[in-house]
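I have placed the structure first, in the form of structure tokens, so that the comments after it can refer back to it.
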């Protein structure tokens, strides 16, 4: 079954259950209300018959002594037209008047006991009693001295041939005079009349119910179509993504759960698109890496192979053999460094190293690096100056810190001739910051964008220089700083110089502080 029909079915089930519950409640309330209104109306009719002087009492004896026949007959005919039947009994249980001689509303012995206690009785269903006696005619009125017995015409109403008495809804009310029961009124109407009113109300309600269901069906269909339309759009977008199309965007109004799902879908597609772009970029880097690695290895291997061939054919003069062997040793060491640097880079990039971070004095380290690289700088005509405080606290892995600063200072020496190299350091907010500035050849913006890539060299003419010939040093520096949770950035102007700024965070701001492995992947892009 399609989703739209399942939604419609679910909505309709809820509506039907709700309407059925409301119908049952409504019918019950309506039924009670109709009966209460019927009993109240019957009770008012009874009071009107007893209290309007149609019934004459002997105030001394408290008994019914007469009935104003003309007046009560008029009311009796009116009530008969309203399907209301009543019977008046005196305190001795004698029937004194009724507007129906066939089936007379009766009072049982138990009901007499209740009304003698002053309790009115309300009955939903009762059966009138088939009359076998004539109404008592011994009483006369006290005002007109006329006989008040029921007329023969009233008593001779056509007897119904129905064997079963009709169902009636009745009220039995007692009337007292000076604390003595003097009369009782049994008044009622046919139950079919009450049921007819109830049935009419129920029929009207059922018609409204059917109309409401039809309207609900139409509305639920429209809503379901709207929802499934959005889901179908997601389904179509999912199929497109499965086929490799990541340029998909779903509308998102941020209103409901489907909008939230659309937002998450867009985030997922964006992540997949970025992943695909990263995969392509990594593939390009892999190809470039293989080409660069092959290029870097080809030169020393060609040199070694040429010297070995010369030695094997004895074409190298004896006085040149020692120099040739030294060249082979240098190129062999260069290959070893190249391999080791790549292995170290991969270990750092894949989080295979542990950082033994602690607080130590960086001022002393900077002074040692200056002394260690002084001769190399002087060979290029450079001067090295340290402007950092003598005592400068830093939180880092000591060996990796030395490796970072050594590579950056060595890089400055490599690209500076007869210039000045300045090493600075200071405490800043949340950590320690170091700068290495030179007055060398500088870099263009494009060169700065690629400086953290393996085998990238800003000056291709210096590929075979003594320092940093592998082109991996800056990539390793970037990975080590990132592993510490720090930052490194470069500012440079062509032919004016370059400044590296390196930040190491304090213990409380460093990720995964302590001797633990960093579990996030190193970022190979420049900051």
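Please return the ranges of strands (runs of 3 or more DSSP E) entirely within the stretch 333-430 where 2 or more residues are touching a strand residue (DSSP E or B) at 6+ places or on another chain (Cβ under 8 Å), touching a residue at least 12 places away in the same chain (Cβ under 8 Å) and within 21 Å of residue 491 (Cβ to Cβ).
It comes to 383-386, 420-428.
Go through (1) within 30 Å of residue 508 (Cα to Cα); (2) modelled with pLDDT of 90 or more and name the single condition residue 345 misses.
So the condition that residue 345 fails would be (2).
Going by the conditions given, is residue 433 at pLDDT 95 or above and within 23 Å of residue 492 (Cα to Cα)?
So residue 433 passes the test.
So which residues in the stretch 469-527 are farther than 21 Å from residue 419 by Cβ, in a loop (DSSP other than H, G, I, E, B) and modelled with pLDDT of 85 or more?
484, 485, 486, 506
Restricting attention to the stretch 312-328, does a residue exist that is more than 28 Å from residue 294 (Cβ to Cβ), under 60 Å from the mean Cα position of the chain (by Cα) and not in a loop (DSSP other than H, G, I, E, B)?
no
Only one residue in 194, 213, 182 is touching a residue at least 40 places away in the same chain (Cβ under 8 Å), in a helix (DSSP H, G or I) and in contact with a strand residue (DSSP E or B) (Cβ under 8 Å, 6 or more places away or on another chain), so which one is that?
194 is the lone residue from the list that is touching a residue at least 40 places away in the same chain (Cβ under 8 Å), in a helix (DSSP H, G or I) and in contact with a strand residue (DSSP E or B) (Cβ under 8 Å, 6 or more places away or on another chain).
Taking the options 221, 265, name whichever one is at pLDDT below 85 and in contact with a helix residue (DSSP H, G or I) (Cβ under 7 Å, 6 or more places away or on another chain).
The unique qualifying residue is 221.
Being surrounded by 11 or more Cβ atoms within 10 Å (Cβ to Cβ) and under 30 Å from residue 5 (Cβ atoms) narrows it down to one of 248, 202, 211, 187, so name that one.
248
Do the conditions hold for residue 440, that is, is it on the phi < 0 side of the Ramachandran plot, in contact (Cβ under 8 Å) with a residue 24 or more places away in the chain and in a loop (DSSP other than H, G, I, E, B)?
yes
The values are calculated or read from the model by the stated rules, or taken from the named source; none is laboratory data. Being a predicted model, the structure only gives us computed values, none of them experimental. Cβ sites come from the backbone with ideal geometry, for glycine too, and all protein chains shown count toward neighbours.
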